[in-house]
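Trainee: Below is a structure I'd like to ask you about.
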Amino acid sequence: MAFLYLPFGSWMGKVLEKEAFGLAAKDESGVLSPFSFSRRETAEKDVRFKVLFCGICHTDLCMAKNEWGFTTYPLVPGHEIVGVVTEVGAKVTKFNTGDKVGVGYMSRSCLSCDSCSDGEENYCPKMILTSGGKDYDDTMTRGGYSDHMVCAEDFVIRIPDNLPLDGAAPLLCAGVTVYSPMKYHGLDKPGMHIGVVGLGGLGHVGVKIAKALGNKVTVISTSERKREEAINRLGADAFLVSRDPKQMADAFGTMDGIIDTVSATHPLLPLLGLLKYKGKLVMVGAPTKPLELPVFPLIFGRKMVVGSMIGGIKEMQETVDLAGKHNITADIELISADYVNTAMERLAKGDVKYRFVIDVANTLKPTH
Ligand code: NAP
Ligand code: ZN
């Protein structure tokens with residue numbers, strides 16, 4: 001697609017839209033292929049940036065395959081996006097060209113409702129997803145598996161200088177999604193015992209963040225396979241195999257909170273058993289099918305099962321700042337753009353340690 005100019009546009013110096021290219025899923029096969037589209041001009045409060053890296057969240061896989069039933073094709077996935085600012089609008093105050101920035105799964109909200117006023121733009125009824133969302137002008141949003149992004153400055157996050165950008169990208173979704181509920185539910189106090197269920201993209205960042213907050217952290221995983229790494233590399237204090245009733249029984253009633261990042265259907269009863277009285281099980285994983293909720297353990301222990309979705313802008317900045325302070329990044333497999341379909345297949349099988357990140361700037365090429 002060519003540049004679209006106003007009449008005499010080049011003469012007037014006014015670009016209405018700018019050519020962009022990326023990778024898109026075009027049907028429920030979820031297979032990604034090259035895709036050209038356009039992004040809006042840099043409005044006065046917009047930041048335009050060159051995408052350097054983009055993480056592959058399990059959500060991208062579910063959306064590409066329409067597993068939740070609300071995907072609009074073509075879909076350009078990607079909501080763990082980092083890069084360098086190339087242009088700022090006339091009224092942008094927080095960013096300059098050359099700044100290292102990122103955008104997560106949220107690119108707009110009304111900024112005036114109760115949740116926006118509370119700094120929880122993620123729960124705004126008018127929140128727009130960065131990828132596969134319908135924007136205020138009725139166009140579909142295109143995510144970070146693309147050469148550049150344009151985003152309102154209020155939804156742009158500053159990346160600390162000491163963090164490598166490839167490993168920092170997953171903080172924009174995986175990081176904030178685990179940080180936000182820890183903070184909101186008071187699980188961020190040193191000495192709290194936190195369980196992290198599922199040692200994938202979200203889970204492994206969850207372990208690192210909980211440790212940085214001073215928590216005792218137990219990983220709850222489906223097999224013994226990740227025990228060694230969970231403890232020796234990621235810093236977890238303990239490791240439980242969720243399918244081993246003896247291990248689970250020994251840890252009965254010991255945890256203040258559990259962050260459940262599991263992407264598939266799984267039993268909640270053993271997890272509820274791990275909680276202390278008044279403990280909280282926070283669901284952040286999003287299985288496609290409903291889970292069975294046993295009520296007796298809730299009644300007897302005043303326990304809570306709650307959900308949480310990404311985080312607000314303030315929490316996103318706090319997440320990356322905390323990561324900067326503690327040198328936390330995701331453990332990544334950096335891949336080239338032409339490997340993305342293989343990466344998706346491997347992610348579906350749980351074969352990644354622990355997050356795929358696309359080397360967008362060096363490997364994503366336009367098709368013409
Ligand atoms: P991921 O890297 O694939 O990790 C998911 C982990 O879940 C796996 O590593 C595995 O851990 C565990 N798991 C997989 N199948 C399982 C099964 N059948 N039973 C028990 N455990 C199983 O995915 P992710 O990117 O971290 O995302 C995790 C989930 O969070 C996805 O559903 C995603 O859509 C959702 N998500 C939600 C939000 C939000 O805002 N709430 C944000 C981002 C992502 P073990 O090998 O250790 O068992
Ligand atoms: Zn995500």
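The values are calculated or read from the model by the stated rules, or taken from the named source; none is laboratory data. These numbers were taken from a predicted model, which means no experiment stands behind them. Backbone-built Cβ (ideal geometry, glycine too); neighbour counts: all protein chains shown. For the accessible areas, the whole protein counts, side chains as well, though only heavy atoms, and no ligand, DNA or RNA atoms are used. Shrake-Rupley method; radii C 1.70, N 1.55, O 1.52, S 1.80 Å.
Okay, residues lined up against (1) within 27 Å of Leu234 (Cβ to Cβ); (2) open to solvent by 30 Å² or more (accessible area, probe 1.4 Å); (3) assigned to a loop (DSSP other than H, G, I, E, B); (4) of a type outside the set (D, E, K, R):
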site: Lys276; (1), (2), (3), (4): yes, yes, no, no
site: Gly279; (1), (2), (3), (4): yes, no, no, yes
site: Val282; (1), (2), (3), (4): yes, no, no, yes
site: Pro294; (1), (2), (3), (4): no, yes, yes, yes
site: Gly311; (1), (2), (3), (4): yes, no, yes, yes
site: Val320; (1), (2), (3), (4): yes, no, no, yes
site: Ala323; (1), (2), (3), (4): yes, no, no, yes
site: Asp338; (1), (2), (3), (4): no, yes, no, no
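Trainee: Within segment 13-72, which strands (runs of 3 or more DSSP E) (wholly inside it) include 1 or more residues that are at pLDDT 95 or above and among the polar types (S, T, N, Q)?
Mentor: Details: elements: 15-25, 32-40, 46-56.
By residue number, 32-40.
Trainee: Would you list the helices (runs of 4 or more DSSP H) that sit entirely within segment 172-232 and hold 2 or more residues that are within 16 Å of ligand 2 (Cβ to nearest atom)? Show your work before the answer.
Mentor: Values: elements: 174-184, 201-212, 227-232.
The helices (runs of 4 or more DSSP H) meeting that bar are 174-184, 201-212.
Trainee: Consider only pairs whose beta carbons are under 7 Å apart and that are at least six residues apart or on different chains; among these, list those whose first residue lies in segment 250-261 and is open to solvent by less than 20 Å² (accessible area, probe 1.4 Å) and whose second residue is among the small types (Gly, Ala, Ser) and assigned to a strand (DSSP E or B).
Mentor: Filtered contacts from segment 250-261: Met255/Gly195; Met255/Gly279; Gly257/Gly279; Ile258/Gly195.
Trainee: Would you mind finding the one in Gly285, Gly257, Gly253 that is away from ligand 1 (no atom under 11 Å from the Cβ) and within 19 Å of Gly206 (Cα to Cα)?
Mentor: Numbers: Gly285 fails: away from ligand 1 (no atom under 11 Å from the Cβ); Gly253 fails: within 19 Å of Gly206 (Cα to Cα).
When all the criteria are applied, what remains is Gly257.
Trainee: Could you tell me whether segment 122-145 includes any residue that is aromatic (Phe, Trp, Tyr) and at pLDDT below 95?
Mentor: yes
Trainee: Sticking with this structure for a sec: Among the numbered conditions (1) more than 13 Å from ligand 1 (Cβ to nearest atom); (2) touching a residue at least 60 places away in the same chain (Cβ under 8 Å); (3) touching a strand residue (DSSP E or B) at 6+ places or on another chain (Cβ under 8 Å), tell me where Asn96 comes up short.
Mentor: The failed condition is (2).
Trainee: Continuing with this model, one more query. Looking only at segment 296-307, which residues are outside any loop (DSSP other than H, G, I, E, B) and away from ligand 1 (no atom under 16 Å from the Cβ)?
Mentor: Filtering segment 296-307 down to residues outside any loop (DSSP other than H, G, I, E, B) leaves 296-301, 304-307.
Answer for segment 296-307, where residues must be outside any loop (DSSP other than H, G, I, E, B) and away from ligand 1 (no atom under 16 Å from the Cβ): Phe296, Pro297, Leu298, Ile299, Phe300, Gly301, Met304.
Trainee: For Leu129, all conditions in the list (1) away from ligand 2 (no atom under 14 Å from the Cβ); (2) open to solvent by 30 Å² or more (accessible area, probe 1.4 Å) hold save one; what is the number of the exception?
Mentor: (1)
Trainee: Looking at Ile328 and the list (1) part of a helix (DSSP H, G or I); (2) crowded, with 20+ Cβ neighbours inside 10 Å; (3) touching a Leu at 6+ places or on another chain (Cβ under 8 Å), which single condition is not satisfied?
Mentor: Tallying (1) part of a helix (DSSP H, G or I); (2) crowded, with 20+ Cβ neighbours inside 10 Å; (3) touching a Leu at 6+ places or on another chain (Cβ under 8 Å), Ile328 fails exactly one: (1).
Trainee: Identify the single condition in (1) in contact (Cβ under 8 Å) with a residue 60 or more places away in the chain; (2) closer than 26 Å to Cys62 by Cβ; (3) open to solvent by less than 40 Å² (accessible area, probe 1.4 Å) that Tyr184 does not satisfy, given that it satisfies every other one.
Mentor: (3)
Trainee: Would you tally the residues in segment 332-361 being within 16 Å of ligand 2 (Cβ to nearest atom) and not small (Gly, Ala, Ser)?
Mentor: Of the residues in segment 332-361, 10 are within 16 Å of ligand 2 (Cβ to nearest atom) and not small (Gly, Ala, Ser).
Trainee: Of the residues Met140, Met149, which is open to solvent by less than 10 Å² (accessible area, probe 1.4 Å), of a type outside the set (Val, Ile, Thr), within 26 Å of Ala337 (Cα to Cα) and away from ligand 1 (no atom under 16 Å from the Cβ)?
Mentor: On the way: Met140 fails: open to solvent by less than 10 Å² (accessible area, probe 1.4 Å).
Just one listed residue meets the conditions, Met149.
Trainee: Which members of segment 26-53 meet the condition of being closer than 18 Å to Ala348 by Cα, open to solvent by less than 40 Å² (accessible area, probe 1.4 Å) and hydrophobic (A, V, I, L, M, F, W, C)?
Mentor: Within segment 26-53, just Leu32 meets the criteria.
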